[in-house]
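One structure below.
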Amino acid sequence: MDQQVELESKRREAREEILALKERIPSARIINWFGRLLSKGATNRSFLYWLSNFIFINLVIFWIWVPVGLVMNELEHRAYLWKAALFATEMQFAALLLNYYLLRMLLDNIAGQIVEKINNVDDLSRFISWLNNSWSTKNVALFVLAFWMIWIFLGIGAISITYQAFVGFGFSLFIIFIGLLAGIAFHGVYWLNLLISNLRKYQYDLNVFFPASSEIITNISDMLNNQLYGLAIYFAFYTLLGSTNLVEKQIQIVFAIPFFIISWTAIISQFVLARTTLGHIINNAKWKMLKKIQAQINSIEAKSDLSDKVVSEKLLRLVDIHGRVMASKSNIFDLKSISTFFSQLMLPLLGLLLGNLDKVLTLLH
């Protein structure tokens, strides 16, 4: 009884800490700061709050480029980059918003569904410790810095090579700033992979005879599928718009193809991680139960007379249960999961094909 009271108390504490993390994620800090800067007292649900974010981020980005471009006399000579810069700005703002909403929804689901099914106080403590550590400034900064450096190198280098001319110092500063926002947004994708891998380390309240049919397995699967669909829809719009006249034809490949590759890499990695994590949880529960039944069978065989009718019937029942548990569903790559995965993969590809519909039709003709 005391253990159950302690477990419930720890669950309440865990839920409170997880919900508090919603305001600590980097995208929430940026959005809250920008929103309050121009709209004092506005809540995060008001139109003015989101309008302030949109205006301020756009002003900051172009305020970096315009003065330098004027001083260096680059604006006129780099006019061909304005559409691409505007497209990149709005898509990264959209990525920041998506990161904000998906992570907040994910933390709500963890607090409301995952925590309730972790049935060990020590596991709850370790899980909360991991969550707090994973959102530490140091861990976030390491990923963002690495992503940022790659973004700057590829952004400035690829566009300069495409036009066979340096893109200019003003546009380079723009790339540097927008890369910081992109790194923060894509950190959410990286963090989700870490979370999926971490979920396999804990003990859950499972159906001991048929663990694959447990509520927690369905909850984790649905939670991760919602995250993947959000990413897939965003990447579909990015590849679609990045392949249209919103971006100069010469650099469409710089915008569309790399993000198409990133989208498939993210979707495939998260799908594989999610299914293997679920498989690990299911198989651990199965073998825990099988070992328990096996220990009882061995104990009866060693201490009892097998010719006794009561003993033999008890033994046969245990053997039957052992066989049923062994035969219970543990295949994580079922038809439903494969079809869901295929639909998620097809969304970015559909965006890329629709954005290049004229080329596709010409090729087919």
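Each reported figure results from applying straightforward, stated rules to the coordinates on display, with no laboratory input. In this text, all values refer to a predicted model and were calculated from it rather than measured experimentally. FYI the Cβ positions are ideal-geometry reconstructions off the backbone, even for glycines, and counts take in every protein chain you see.
Quick rundown of the values:
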item	result
Inter-label distance for residue 163 and residue 297, nm, one decimal - labels placed 7 Å from Cα along Cα-to-Cβ	7.2
Nonlocal amide H pairs with residue 204, under 5 Å, H built at 1.01 Å	119
Cα-projected label distance for residue 126 with residue 340, points at 7 Å along beta-carbon direction, nm	2.6
Sites residue 269 and residue 33 - FRET efficiency at Förster radius 45 Å, r taken between beta-carbons, to 0.05	0.90
Of (1) 21.7; (2) 23.8; (3) 22.5, the label for Kirkwood radius over Cα pairs in Å derived from the coordinates	(2)
Relative contact order [Cα under 8 Å, 6+ residues apart], segment 1-205, whole percent	33
Selection from 161, 67, 25, by position along the positive dipole direction of segment 1-205 (Cβ)	67
Burial ranking of peptide ranges 153-162, 128-137 (average Cβ count within 10 Å, highest at the top)	153-162, 128-137
Residue of 27, 328, 307 that the Gaussian network model of the chain assigns the largest fluctuation, springs spanning Cα pairs under 10 Å	307
Segment 277-331 - percent relative contact order, Cα under 8 Å, separation 6 or more	52
Length-normalised contact order for the chain - Cα pairs under 8 Å, 6+ apart - percent	20
Net charge dipole size for the chain [Lys, Arg +1 and Asp, Glu -1 on Cβ; Debye, nearest 20]	160
Segment 272-277 - phi-based ³J(HN,Hα) in whole Hz, Karplus 6.51/-1.76/1.60, Gly and Pro as x	4, 4, 4, 5, 5, 5
Sparsely packed trypsin sites (Lys or Arg not before Pro) within segment 272-347, loop by DSSP, other Cβ within 10 Å at most 14	329
Spatial extent of segment 1-205: Rg and Dmax, with the Cα atoms as the point set, Å	21.1, 76
Residue among 141, 130, 53 farthest towards the positive dipole end of the chain, charges placed on Cβ	130
Stretch gain in nm, segment residue 90-residue 314, where the contour uses 0.36 nm per residue and the Cα spacing is subtracted	73.8 nm
Student exercise, segment 1-205 dipole from Lys, Arg, Asp, Glu Cβ charges, in Debye to nearest 20	280
